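What follows is calculated from the coordinates using simple rules that are stated; it is not laboratory data. These numbers were taken from a predicted model, which means no experiment stands behind them. Counting neighbours? That spans all protein chains shown, and the Cβs are built from the backbone with ideal geometry, glycine included.
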Amino acid sequence: MNCGLCSNCSPIHNRLILINTSMGSLYKYIKIDRDLCIGAASCVAVYPQIFALDEESKAVILKKDGSQISDHTSVDLLACAEIDDDQLLLSAQSCPTAAIFLYGEDGTQLYPEG
């Protein structure tokens, strides 16, 4: 089954789409592993409202308060007013080293699949 919203749908994404039909953002926390990040900037190309490269050419998460972080942080603190779950997942999937981690409200890692 393909969700119809993206071109590289995964089984977990399909399950989450079905679960999340009437709820808010599916993803509650995000993290970038700076040791894995190679600065390819694919996440920035996919979702520039949330990702940027810092002075070390590593991906960072943009927060509402203007700060940048790569540590585990709530999506409620992101610079983007409304989070597009599909765009966020695509940005994580675009990372060639899988350095972007997405978590559910209970802290379960949703991407990459554990």
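Beyond 22 Å, what share of the Cα-Cα pairs of the stretch 27-111 is found? Please give it as a whole percent. List each step's numbers first, then the result.
Details: 408 of 3570 pairs.
The answer is 11 percent, as a whole percent.
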Seminar exercise, completed: Sparse-neighbourhood loop hits (trypsin sites (Lys or Arg not before Pro), the stretch 48-114; DSSP loop; Cβ within 10 Å at most 13 others) -> 64
Exercise. In nanometres, what is the gap between the two model label sites at residue 52 and residue 64, each 7 Å from Cα along Cα-to-Cβ?
Worked result: 1.8
